[in-house]
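K.L.:
What follows is a structure written as structure tokens; I'll ask about it next.
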Number of protein chains: 2
Amino acid sequence: MADRDRIAAALRDLVGADRLVDDPAVARRAARDSWVIAVWRSLGDRLPAPAAVVRPRTTQEVAAVLAYATRERIAVVPFGAGSGVCGAVLAGADAIVLDLGAMRALRGIDERALLATAEAGLLGSDFEAALNGAGFSMGHFPQSIALSSVGGWVATRSAGQFSTKYGNIEDLFVAFEAVLADGTVVRTRPVPRASTGPDLRHLFLGGEGTTGVLTEVTFQIHPLPESTRREALAFPSMREGLEALRRTMRAGWRPAVLRLYDEIEAGRSFAGAANAGESLLLVLSEGPAALTAAELPAVAALCRDVGGRAIGAQPVESWLHHRNAVPGFEVFLKQGMIVDTIEVAATWDRIEDLYAGVLAAMRAVPGLVVASGHSSHSYAIGTNIYFTFAARPEHSDDLEALYFRVWDAAMQATVAAGGTISHHHGIGRVRRAWLERELGSAYPLLGIIKRALDPAGILNPGALLPEPA
Amino acid sequence: MADRDRIAAALRDLVGADRLVDDPAVARRAARDSWVIAVWRSLGDRLPAPAAVVRPRTTQEVAAVLAYATRERIAVVPFGAGSGVCGAVLAGADAIVLDLGAMRALRGIDERALLATAEAGLLGSDFEAALNGAGFSMGHFPQSIALSSVGGWVATRSAGQFSTKYGNIEDLFVAFEAVLADGTVVRTRPVPRASTGPDLRHLFLGGEGTTGVLTEVTFQIHPLPESTRREALAFPSMREGLEALRRTMRAGWRPAVLRLYDEIEAGRSFAGAANAGESLLLVLSEGPAALTAAELPAVAALCRDVGGRAIGAQPVESWLHHRNAVPGFEVFLKQGMIVDTIEVAATWDRIEDLYAGVLAAMRAVPGLVVASGHSSHSYAIGTNIYFTFAARPEHSDDLEALYFRVWDAAMQATVAAGGTISHHHGIGRVRRAWLERELGSAYPLLGIIKRALDPAGILNPGALLPEPA
């Protein structure tokens, strides 16, 4: 407790007593993200309280905290909004949580340059609502949009539901302000594109708080689209649906949404829309009226060529209304069941094997109740698969071990199929042991970057890379 | 000479005598790129021969050379094909030139995943021709395509003439093999997209050979397009033309080519196509027939809204035939004139000021003969301007000083207008002094990356970052 008192006193001096979180429940919630294992442990009261939770109001306060932590070799865990599902935020008892929740200002919208700038802690849905009010959208809709921060999007390499047209966060992230581990503040300017050395945005994109703390982000925005067209199609199986996705991307069409559900998820989420056993594809095209008038029929025709059957727009409307409403992990945990999602990706030559291989591997784990998948982000060279599984141990003491057996099976099968172990959720702690296999001979580069930017090793230790010895 | 002999002997031992370039003229050509100042100095016999030029055949040979150079603290200058125009390659008398010209194999085309892999020294035009033979294209057409290597494209953050549809090199670069300064070989795998920490490609994209040596690259490709449509339009001035570009990008159209020439360049390159004083826009749309049938008329309509006048497809055809034929710098130098290009970029709110400001600044330099510009790469948030200037000193002894006065004027005006100092040519030596002003507080990050990846400082010293003390 002596250390905790010393840290709290130092932080009070640095940023003021009112910036320290006193409420123990609030402090504990800021010490973890929404990783189901963290939720499970917190339900069992098995997570420590962090040394302190500080909520800076300004970049200068962030810098003061980090400079202090580097001097004193104290771990700092940046916290955006806590929606991560991989355990990237999981503060130990000796760590300071740096909660960006008091830095939520929208700094400005440039309607001519199509840019919007916000403090890193702003909630995604607040950001998008402000843009909508001015006639714009970012086009970035992660399912977590109401629970995640704009800075967190960058730190985790977020992907949104409309990414096929608008791109993922790396395509929308234009400029930033960040604080390095030693308290140095760095800022970049918005330019459309440059050839001025390595792109420094990528030191922080996907850094998961281990390379610096983002304090401000500037994103590309666009006017609200002139038109939108929607259609759903049923396919005999995932195989034909994946082929339709591949042909659509290969032809050069870029509808905002291409979501292909396997027969389990089609039956669960769109009961009655397709026949039993069929896969279901949602297509949403938006943009100029002349574009969507050409795009939607062209995509539908490509789908028909491989056995797709148009079933109307209603499933797309239904998805648009319910897309962000998912039951929390707690509901299932309280019933003795653990549910999680695993998003991976692969090139088109490997994706069928990946889909089948991961499902088979998970289903072979005793205790698995159900496993299913859908594709939600397609590219010219491949697509992702977003798996959902539920597992129920005989005894709740075995819940964590069962969970990790399912993950292990999925990760092994992904690597065996030549896929990537994460499409957009990140590494955190749940995938950490697999990252070296993912990156192979390039893995040491991550450590080289980390040590160069944070030689004292204070920034989010244990996320992305191994816990320090 | 003792050092040179020792280095040559060591390299013979490492990779074999036949991999050393003996011809002094060939060796001197590999010690520089096509920066006009290097051409000028070489015409005056004012460039030293490098200590050695080695042409490895394999990644292992590259690794052996780099490990040796790091041990012995000898500078290594990677050389692709020498088409750079900023002085990124300019080897001193004590440096080893690592010429990748013997590593030109096409490793493979994956027709399903839409990927192609080549050794880094392969010429761009050979790569594209091989793709065309199989029914594909990369869609990446830098003007230097016949003179530049696929690895060089990555190292300089190349942009191609069809970038508005297909993206720049960072959008097409999927995976790589590189050798670090200490000889470590790192490889990544092709995946469509990942959230597995910072994107390691960006350590080498734009590195200009200072962070590692690329030995193999994998790019995204696409099938040859189903259709293409072309149209040229004349505008009263650049102002209306830039507004047409902005509205086209803002609406979400992505024609492969949008090239807007000011009245000087329109008159020079498309005589008679537009009226005197008019700007000229080339539009080329390609992709599925239904897309181009919608896109070209829509773009033409947006152009008419701001005063554009359709003038037929002939200027586009003419450009397609002559687009890569430009006179070399030597022709002008031998006439006592220096000619160069300066490509910069800015967001839409700043681009008119940038265009006018840079031209005015260059024209204010005594000795300037002509300055003009065009926009060739547009984005939702802004565009580039590619300036060309010619200057003639009273005495040839003053040629370099005059050249740097023009560059200084252009760079100052670019920074004043809030633009970026390079859109796609890179930094090399000509822009080095301006890079700190470009990146501001983020500038030290470049040095942090460099020192982390190359602690001995052997990789291309003097390019991008200052010469070591």
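K.L.:
Answer with one residue from B:G212, B:I458, B:V415: the one whose Cα lies farthest towards the positive end of the charge dipole of chain B, charges on Cβ with Lys, Arg +1 and Asp, Glu -1.
P.N.:
Checked the options; the winner is B:G212.
K.L.:
So, for the protein assembly as shown, what is the accessible surface per residue at a probe of 1.4 Å, expressed in square angstrom?
P.N.:
Numbers: 32210 Å² over 938 residues.
With all protein chains present, the protein assembly as shown gives 34 Å² per residue.
K.L.:
I would also like to ask the following. Taking chain A as the reference, fit the longest principal axis to its C-alpha atoms, fit the long axis of helix A:289-305 to the helix C-alpha atoms, and give the angle between the two in degrees, 0 to 90, nearest 10.
P.N.:
The helix A:289-305 is inclined about 70 degrees to chain A.
K.L.:
With angles folded into 0 to 90 degrees, how steeply does helix A:2-15 sit against the dominant principal axis of chain A? Use alpha carbons for both and round to 10.
P.N.:
80
K.L.:
Another question about this same structure. Would you work out what percent of the accessible area of the range B:31-117, with all protein chains in place, is carbon or sulfur (probe 1.4 Å)?
P.N.:
It is 48 percent, rounded to a whole number.
K.L.:
Assign unit charges at the C-beta atoms only (+1 for Lys and Arg, -1 for Asp and Glu), then state the dipole size of chain B relative to its Cα centre in Debye, rounded to the nearest 20.
P.N.:
380
K.L.:
Can you give the charge dipole size of the protein assembly as shown about its Cα centre, rounded to the nearest 20 debye, using +1 on the beta carbon of Lys and Arg and -1 on the beta carbon of Asp and Glu?
P.N.:
Values: 90 positive and 102 negative charges, 14 e Å.
Charge dipole, the protein assembly as shown, about its Cα centre: 60 debye, nearest 20.
K.L.:
Buried accessible area between A and B (1.4 Å probe, both chains summed, ligands and nucleic acids excluded), in Å² to the nearest 100?
P.N.:
Values: alone 19460 and 19460 Å², together 32210 Å².
Interface area, both chains combined: 6700 Å², rounded to the nearest 100.
K.L.:
Hey, which lysines would be in cross-link range of A:K450, C-alpha to C-alpha under 19 Å, not counting anything within fewer than 8 residues on its own chain?
P.N.:
Result set, ordered by chain and number: B:K450.
K.L.:
Now for a different question. Which value at 222 nm does the protein assembly as shown reach when only helices count, each DSSP H run of 4 or more adding -39,500 (n - 2.57), with the total divided by all residues and rounded to the nearest 500 deg cm²/dmol?
P.N.:
So the helix-based figure for the protein assembly as shown works out to -10500 deg cm²/dmol.
K.L.:
In the range B:212-240, what residues drop by 20 Å² or more of accessible area when the other protein chains are put back, versus the chain on its own? Use 1.4 Å, and skip ligands and nucleic acids.
P.N.:
Residues shielded by partner chains are B:Q220, B:P223.
K.L.:
Against the longest alpha carbon principal axis of chain B, how many degrees, from 0 to 90 and to the nearest 10, is the axis of helix B:399-416 turned?
P.N.:
It works out to around 60 degrees.
K.L.:
Copy-to-copy spacing for A:E400, label 7 Å out on the Cα-to-C-beta vector, in nm, shortest first?
P.N.:
Here A:E400 shows inter-copy label distances of 6.8 nm.
K.L.:
Averaged over its residues, how many other protein chain Cβ atoms are within 10 Å of peptide B:414-426's Cβ atoms?
P.N.:
For this peptide, the per-residue mean of nearby foreign Cβ atoms is 3.
K.L.:
Note the distances from B:A130 to each other copy's matching label point, with points 7 Å along the Cα-to-beta-carbon direction, in nm, sorted shortest first.
P.N.:
Nearest to farthest, the other copies are at 5.0 nm.
K.L.:
Residues of B:440-452, mean number of Cβ from any other protein chain within 10 Å of their own Cβ, rounded to a whole number? Intermediate values should be presented prior to the final figure.
P.N.:
On the way: counts 4, 7, 13, 5, 3, 13, 4, 1, 7, 8, 3, 1, 8.
Going residue by residue through B:440-452 and averaging, the value is 6.
K.L.:
Highest first, please rank the peptides A:163-173, A:56-66, A:18-28 by the mean number of other Cβ atoms sitting within 10 Å of their residues.
P.N.:
Averaged packing, sorted descending, gives the order A:163-173, A:56-66, A:18-28.
K.L.:
Could you tell me the relative contact order of chain A? Use alpha-carbon pairs under 8 Å, at least six residues apart, and round to a whole percent.
P.N.:
Once divided by the residue count of chain A, the mean separation gives 15 percent.
K.L.:
Moving on. Quote the relative contact order of the range B:89-223 in percent (integer), defining contacts as alpha-carbon pairs under 8 Å separated by 6+ residues. Don't skip to the end; give the middle numbers.
P.N.:
Details: 240 pairs, mean separation 37.6, N = 135.
Relative contact order here is 28 percent.
K.L.:
With all protein chains present, how much of the accessible area of the range A:258-340 (probe radius 1.4 Å) comes from carbon and sulfur, to the nearest whole percent?
P.N.:
On the range A:258-340, the fraction of accessible area on carbon and sulfur atoms equals 56 percent.
K.L.:
Assume the label is 7 Å from Cα along Cα to beta carbon: what separations in nm does B:R304 have to the matching positions in the other copies?
P.N.:
3.2
K.L.:
Mind checking which aspartates and glutamates have their Cα closer than 19 Å to the Cα of B:K334? Skip sequence neighbours fewer than 8 apart in that chain.
P.N.:
B:D33, B:D45, B:E394, B:D397, B:D398, B:E400
K.L.:
Still on this structure: Would you mind giving the mean number of other chain beta-carbons within 10 Å of the Cβ of each residue in A:170-182, as a whole number?
P.N.:
Neighbouring Cβ atoms belonging to other protein chains average 2 per residue here.
The values are calculated or read from the model by the stated rules, or taken from the named source; none is laboratory data. All values reported here derive from a predicted model rather than from experimental measurement. A quick note on method: Cβ atoms are made from the backbone with ideal geometry, for glycine too, and the neighbour counts reach across all protein chains shown. What goes into the accessible areas is simple: the full protein's heavy atoms, side chains included, and nothing from ligands, DNA or RNA. Shrake-Rupley method; radii C 1.70, N 1.55, O 1.52, S 1.80 Å.
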